[in-house]
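Asks: First, the structure itself, so that you have it in front of you.
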Amino acid sequence: MERIYIKETKNRIGEEVKLAGWVDVRRDHGKLIFLDLRDMSGKIQMVALPNHKEAHEIASKLRPEWVIEITGKINKRPDKMLNKNEELGEVEVEITSIKVLSEAVLPFEKDAPVNLDTYLDTLPLTLRTEKSRAIFKVQAEIIKSFRNFFSAAEFTEIQVPKIIGEDAEGGANSFNIEYFNHTAHLAQSPQFYKQIMVGIFEKVFTAGNVYRAEKHSTTRHLNEYTSLDTEMGFIKDHRDIMRIENKFLKALMIDLKNNAEKEFNILKAQIPEVPDEIPSFKLREAQEIIKKEFGADCLNEPDLEPQHERWLYEYAKKTYDSDFVFITHFPMTKRPMYTYEDENDPGYAKGFDLLFRGVEITTGGQRIHNYDKLMEAMKKKGLDPEKFSFYLQAFKYGMPPHGGFGMGLERLTAKLLGLENVKEATLFPRDLNRIDNLLSTDKVKE
Ligand code: AMO
């Protein structure tokens with residue numbers, strides 16, 4: 001008999017079928033043994049009756065997370081046993097035979113509440129909970145939606161190296177690696193390659209891992225994360241990039257409504273409405289708002305503090321009913337060397353951050369496309385153009401005005417789902433003290 005998935009059982013009432021999966025729970029009611037079986041498609045209640053002696057005996061030994069294969073008859077549950085809250089609450093499997101494929105020994109029950117450290121220590125188990133599975137199903141939908149949206153908009157998907165010679169984002173936060181007799185770096189972003197590829201395909205996107213040697217232990221920092229990146233040529237300015245990101249976010253929420261509503265319900269999270277035009281302020285305007293509305297003076301600061309970002313969310317929600325807000329025109333001194341300066345607002349960048357529910361999830365903007373200007377910008381930042389000669393070729397060979405954005409997948413996931421810590425939105429997070437296991441008992445100092 002061919003195995004079927006649990007979700008198919010509702011269409012096979014009265015039939016004998018084969019199912020396989022994990023024992024979610026076992027409940028004994030006198031001689032009746034109830035088992036919830038879980039597979040990739042769902043969960044179903046099964047019952048082992050004493051008249052199937054062998055199966056009943058095996059069932060009496062089963063424990064959570066044992067992997068089993070069963071044959072059984074799918075019955076409609078009696079009316080008083082219907083469970084309207086479960087997707088398959090109207091059916092039940094009467095087990096006729098059980099084969100144990102694997103036994104399991106658990107340190108604690110799968111659904112036991114645990115603190116973050118224990119959760120991370122035991123991910124091969126804790127990722128099996130309904131909540132974790134819902135989080136990473138949503139994350140898979142986000143990537144799918146990103147891919148679908150930008151492919152449909154005629155962007156070409158590219159794969160770029162993670163081992164690089166010189167770091168694109170300015171140096172200090174890159175991991176060094178030994179590369180034969182040389183020191184190389186782990187890429188902090190696909191920045192240089194996505195720009196170079198504008199010279200080849202005009203519009204490109206990529207989703208890949210990036211590495212930040214940041215000694216931050218906060219609820220929003222990871223040392224390895226997934227960056228959703230785009231880059232496109234022939235733009236007028238950074239606002240073209242903001243517009244396309246705005247459109248993508250609208251499409252994403254529709255995709256999530258269509259494909260991940262169940263997961264949002266499990267996580268008790270709300271899919272946000274995205275305005276046709278996300279409110280946008282220059283940094284200096286945003287600082288004025290913070291001063292006026294919240295009484296904090298940050299007028300001369302070059303960047304926003306986390307609390308400022310939360311206030312701006314509060315303001316955007318109250319005033320525009322938007323969970324999103326763009327902040328543009330950060331000082332050039334705070335932006336990387338490839339940033340395009342606004343000719344109408346000298347000293348400030350044609351670039352933006354996007355805040356979502358009070359956390360920055362994206363940076364983007366227009367880039368310098370003129371070779372001489374880029375050389376000049378590098379020198380201004382104290383960088384040696386010689387070291388960037390490979391990247392600089394693109395600009396020698398002719399580059400259109402272009403720009404793009406980079407979005408942190410885990411931050412987006414965490415904020416969408418109301419998770420407190422970005423690590424909960426990362427399958428296997430790397431942080432200051434952890435690569436799967438804790439690195440040592442002496443915590444690394446920030
Ligand atoms: P930036 O460095 O601002 O820009 O990063 C873009 C986005 O990546 C996410 N992010 C992080 N997520 C988790 N942990 C971190 N340590 C971390 N650092 C950044 C954030 C952030 O908004 N090359 C530019 C993008 C561009 O201009 O196209 C860049 O990487 O969500």
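The values are calculated or read from the model by the stated rules, or taken from the named source; none is laboratory data. Since we're looking at a predicted model, the values are computed, not measured. Ideal geometry is used to build each Cβ from the backbone, glycine not excepted, and the neighbour counts take in all protein chains shown. For the accessible areas, the whole protein counts, side chains as well, though only heavy atoms, and no ligand, DNA or RNA atoms are used. Shrake-Rupley method; radii C 1.70, N 1.55, O 1.52, S 1.80 Å.
Asks: Pop a pseudo-label 7 angstrom from the Cα along the beta-carbon direction at both PHE108 and LYS379 and give the gap in nm to one decimal.
Replies: Here the answer is 6.1 nm between the modelled labels.
Asks: Can you give the FRET efficiency to the nearest 0.05 for ALA296 and SER97, using r as the Cβ-Cβ distance and R₀ = 56 Å?
Replies: 0.25
Asks: Continuing with this model, one more query. Taking square-rooted eigenvalues a ≥ b ≥ c of the alpha carbon gyration tensor, is the range 112-190 rounded, prolate or oblate, where a/c under 1.5 means rounded and, failing that, a/b exceeding b/c means prolate? Present the calculation step by step, with values, prior to reporting the outcome.
Replies: Numbers: a/c = 3.21, a/b = 1.29, b/c = 2.49.
Oblate, since a/c reaches 1.5 and b/c is not below a/b.
Asks: I'd like the distance between the alpha-carbon centres of the range 284-330 and the range 204-218, rounded to an integer number of Å.
Replies: The range 284-330 and the range 204-218 have Cα centres spaced 25 Å from each other.
Asks: By how many nm would the segment from ASN115 to LYS144 grow when fully extended, if each residue of separation counts as 0.36 nm and the alpha-carbon distance is taken off?
Replies: In short, 7.4 nm is gained.
Asks: Could you work out the relative contact order of the range 151-190? I mean the mean sequence separation of Cα pairs under 8 Å and 6+ apart, divided by the number of residues, in percent.
Replies: Relative contact order for the range 151-190 comes out at 42 percent.
Asks: Same structure again: Could you tell me the largest-minus-smallest coordinate of the C-alpha atoms of the chain on each of the three principal axes, in descending order and whole angstroms?
Replies: Sorted largest first, the three principal extents are 85, 57, 45 Å.
Asks: Could you sort LEU427, LEU35 by accessible area so the largest value comes first, with the probe set to 1.4 Å?
Replies: Output order, biggest surface exposure first: LEU427, LEU35.
Asks: Next up: Of the heavy-atom accessible surface of the chain (probe 1.4 angstrom), what whole percent is carbon and sulfur? Each step should come with its number before you reach the end.
Replies: Numbers: 11220 of 22770 Å².
Solvent-exposed carbon and sulfur of the chain make up 49 percent of the total.
Asks: Select from the chain the helices, each a whole stretch of DSSP H, whose alpha-carbon atoms run 27 Å or more along the helix axis and whose Kyte-Doolittle mean is at least -1.0; answer none if there are none.
Replies: What comes out of the filter, once short or polar helices are dropped, is 130-152, 238-259.
Asks: Using a 10 Å cut-off on Cβ atoms, rank the peptides 150-163, 270-283 from the highest mean neighbour count down.
Replies: Most protected by this proxy first, the peptides run 270-283, 150-163.
Asks: Still on this structure, I have one more. Explain nothing, just the number: dipole magnitude of the range 119-438 about its Cα centre with +1 on each Lys and Arg Cβ and -1 on each Asp and Glu Cβ, in debye rounded to the nearest 20.
Replies: Dipole about the Cα centre, nearest 20: 460 debye.
Asks: What order do VAL204, VAL25, VAL359 take when sorted by accessible area (1.4 Å probe), most exposed first?
Replies: Ranked list, largest accessible area first: VAL25, VAL359, VAL204.
Asks: Now, a different point. Could you give the size of the charge dipole of the range 51-188 about its Cα centre, using +1 on the Cβ of each K and R and -1 on the Cβ of each D and E, expressed in debye and rounded to the nearest 20?
Replies: Using Cβ point charges on Lys, Arg, Asp and Glu, the range 51-188 gives about 620 debye.
Asks: At 1.4 Å probe size, put LEU256, LEU438, LEU127, LEU116 in order of accessible surface, largest to smallest.
Replies: LEU438, LEU116, LEU127, LEU256
Asks: So, with +1 on the Cβ of K and R and -1 on the Cβ of D and E, and no other charges, what is the size of the charge dipole of the range 114-260 about its Cα centre, to the nearest 20 debye?
Replies: Rounded to the nearest 20 debye, it is 640 debye.
Asks: Which of the lysines could a cross-linker bridge to LYS379, judged by Cα under 23 Å and excluding same-chain residues fewer than eight apart?
Replies: Those lysines meeting the cut-off are LYS194, LYS334, LYS350, LYS387, LYS396.
Asks: Taking +1 at the Cβ of each Lys and Arg and -1 at the Cβ of each Asp and Glu, which of SER60, ILE254, LEU37 sits farthest along the dipole of the chain towards its positive end, judged by Cα position relative to the Cα centre?
Replies: About the Cα centre, the residue reaching furthest to the positive side is SER60.
Asks: Too long at a 25 Å Cα-Cα cut-off: which of LYS236/LYS415; LYS282/LYS381; LYS144/LYS415; LYS53/LYS131; LYS131/LYS247; LYS203/LYS247?
Replies: Numbers: LYS236/LYS415 31 Å; LYS282/LYS381 23 Å; LYS144/LYS415 18 Å; LYS53/LYS131 36 Å; LYS131/LYS247 29 Å; LYS203/LYS247 16 Å.
Over 25 Å Cα-Cα: LYS236/LYS415; LYS53/LYS131; LYS131/LYS247.
Asks: Counting only heavy atoms of the protein chains, get the accessible area per residue of the chain (1.4 Å probe) and round it to a whole Å² value.
Replies: Ligands and nucleic acids excluded, the figure is 51 Å² per residue.
Asks: How much length, in nm to one decimal, is gained on full extension between THR156 and GLU2, taken as 0.36 nm per residue of separation minus their Cα-Cα distance?
Replies: Working: separation 154, 0.36 × 154 = 55.44 nm, distance 4.00 nm.
Full extension of this stretch gives 51.4 nm more.
Asks: Using alpha-carbon positions, what is the distance between the centroids of the range 136-150 and the range 76-105, in Å?
Replies: With the range 136-150 and the range 76-105 each reduced to a Cα centre, they are spaced 32 Å.
Asks: May I ask you to compute the full-extension gain from GLU69 to GLN393, defined as 0.36 nm times their residue separation minus their alpha-carbon distance, rounded to one decimal in nm?
Replies: Working: separation 324, 0.36 × 324 = 116.64 nm, distance 5.94 nm.
Taking 0.36 nm per residue and subtracting the Cα distance, the gain is 110.7 nm.
Asks: I need the semi-axes of the equivalent ellipsoid of the range 196-245: take the C-alpha gyration tensor, multiply each eigenvalue by 5, square-root it, list largest first in whole angstrom.
Replies: 28, 14, 8
Asks: Label the range 20-119 by shape, choosing from rounded, prolate and oblate, from the square roots a ≥ b ≥ c of the eigenvalues of the Cα gyration tensor; if a/c is under 1.5 it is rounded, and otherwise prolate applies when a/b is larger than b/c, oblate when it is not. Numbers along the way, then the final one.
Replies: Values: a/c = 1.92, a/b = 1.32, b/c = 1.46.
It is oblate, given that a/c is not under 1.5 and a/b is not larger than b/c.
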